[in-house]
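First up is the structure itself, then whatever we jot down about it.
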Amino acid sequence: MMNCMLFNRLIVLTISICLCLSGMGCSPAAPKEPPGNPTVNAVTLINPIGPTVIPVIGISSGNIEGNLDINVQYWNTLDEAIGLLAGNDVEFAVLPITNGVNMYASGVDIVLLGVHEWKVFYLLASEDVVFDGWNSLKGKTVYTPTARGQTVDVLTRYALSKENIKPDEEVAFAYAPPQEIVALFKEGKIDYAALPEPFISLALASGHGQVVLDYQDYWSGISGAGKGIPIAGLFVKKDFLNKYPNETRGIADILAESTTWANQNPETAIQASAEELPLPPAVMQSALRRITFQYVPAAEVQAEVISYLQMMQETYPEGVKEIPDSGFFVK
């Protein structure tokens, strides 16, 4: 059974990600380094506590190294991340894409280097439920984390509307902290829960229940997206990019390498991240089988990111302030 501290850390991560609303690739060629800038030997990268620890753990554990020292710091809430980016000590950040988009729209000087998290959301059903598609949700209640506007809430509402099923009228939604949803599911009190990993694996650890829908497969099927859902990625301060394009490219390459290393060495990555992700190894192993990390440069997935953001804005305008211009994507 998970202890309170573990659940609190997972809740904070899920809330900060949900309320906003990996073919390894190397970043594209960068221009020559502008003259006159002081030599940079180390940078700081901030990363959320949660599953996205896995792609950076190769860096923070020292298994993956580059020409620059990379200091990985972990953040728990979006406000914390914004505060860190407001200072002069952070050059890079791993953020949910929608958070980064909204920061960019608000004037925060960050741009997207690449996307590296593509799959994490699923629809869970009790073991006695027969799910034959979205019509199976009529007359049911879908439990999902925290509040209106997070990713699986928006995607579920979007899908229902496309099937001419009225959200809130024909399908009810209930919002609660994810650990409460897991507990209710284990007790057999709910039929459907739309959750991210590792909460899916935590709910299934009881031996009951079934995954009946992969939201990434659904989105790819209706949008033509080739990777899944652009969930999180690597951002850089534009000023640093302009001054140090070669170093920026090097950091992107190192994250790509670390992501690949974690994919190829999942047990080692889980062990190395035990302090940041104090989950039972069996739960993390299960979760990673349903999570896709693959670093892809922003220029290669610009169209996929824009398509996803347009769907989010259409369904829940409050979640995406504005669709970013081409300057948001590092070429």
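Read-outs throughout are calculated quantities, based only on the coordinates presented, and are distinct from any laboratory measurement. Only a predicted model underlies this, so the values are computations on that prediction, with no experimental measurement involved. FYI the Cβ positions are ideal-geometry reconstructions off the backbone, even for glycines, and counts take in every protein chain you see.
A few comments on the model shown:
- Residue list for the stretch 236-275, given a label point 7 angstrom along the Cα-to-Cβ vector of Gln285 and an amide N cut-off under 20 Å: 261-275
- Extension gain, Ser307 back to Ala183 (0.36 nm per residue minus Cα-Cα distance, nm): 41.1 nm
- Karplus-derived 3J(HN,Hα) values for the stretch 315-324, using 6.51 cos²θ - 1.76 cosθ + 1.60 with θ = phi - 60°, are 7, 9, x, 5, x, 10, 4, 7, 6, x Hz; glycine and proline are entered as x.
- Charge context of Trp261, other residues only, Cβ under 13 angstrom, K/R +1, D/E -1: -4
- Spin-label model distance (nm) - Asn265 vs Ala174, 7 Å beyond Cα toward Cβ: 4.4
- Gain in span if fully extended, Asn88 to Ser106, counting 0.36 nm per residue against the direct Cα distance: 4.7 nm
- Each other residue within a Cβ distance under 14 Å of Pro297 adds +1 if Lys or Arg and -1 if Asp or Glu, for a net charge of -1.
- Taking Ser258, Ser161 and counting other C-beta atoms within 10 Å, the order from fewest to most: Ser161, Ser258
- Its DSSP H runs of at least 4 residues, each contributing -39,500 (n - 2.57), put the calculated 222 nm mean residue ellipticity of the chain at -12000 deg cm²/dmol, to the nearest 500.
- Diffusion coefficient, µm² s⁻¹, Stokes-Einstein with Kirkwood Rh over alpha-carbon pairs of the stretch 121-223 at 4 °C and 1.567 mPa s: 96
- Here each label is just a point 7 Å from Cα along the line to Cβ, and for Thr39 and Ile323 those points are 4.6 nm apart.
- Going from the residue with the fewest nearby Cβ atoms within 10 Å to the one with the most, Val182, Val130, Val111, Val296 rank Val130, Val111, Val296, Val182.
- Column: log10 I(q)/I(0), Debye, Cα scatterers of the chain, q = 0.11 Å⁻¹: -0.67
- Between the amide H of Leu213 and those of Leu123, distances stay under 5 Å, these residues lying 5 or more places away or on another chain, with hydrogens modeled in the peptide plane.
- In the chain, the DSSP beta bridges split such that about 55 percent are antiparallel, to the nearest 5.
- Extension gain for the segment Asn246 to Lys162, taken as residue separation times 0.36 nm less the Cα-Cα distance, is 25.7 nm to one decimal.
- Ranked by how many other Cβ atoms sit within 10 Å of their own Cβ, fewest first, the residues Tyr218, Tyr295 fall in the order Tyr218, Tyr295.
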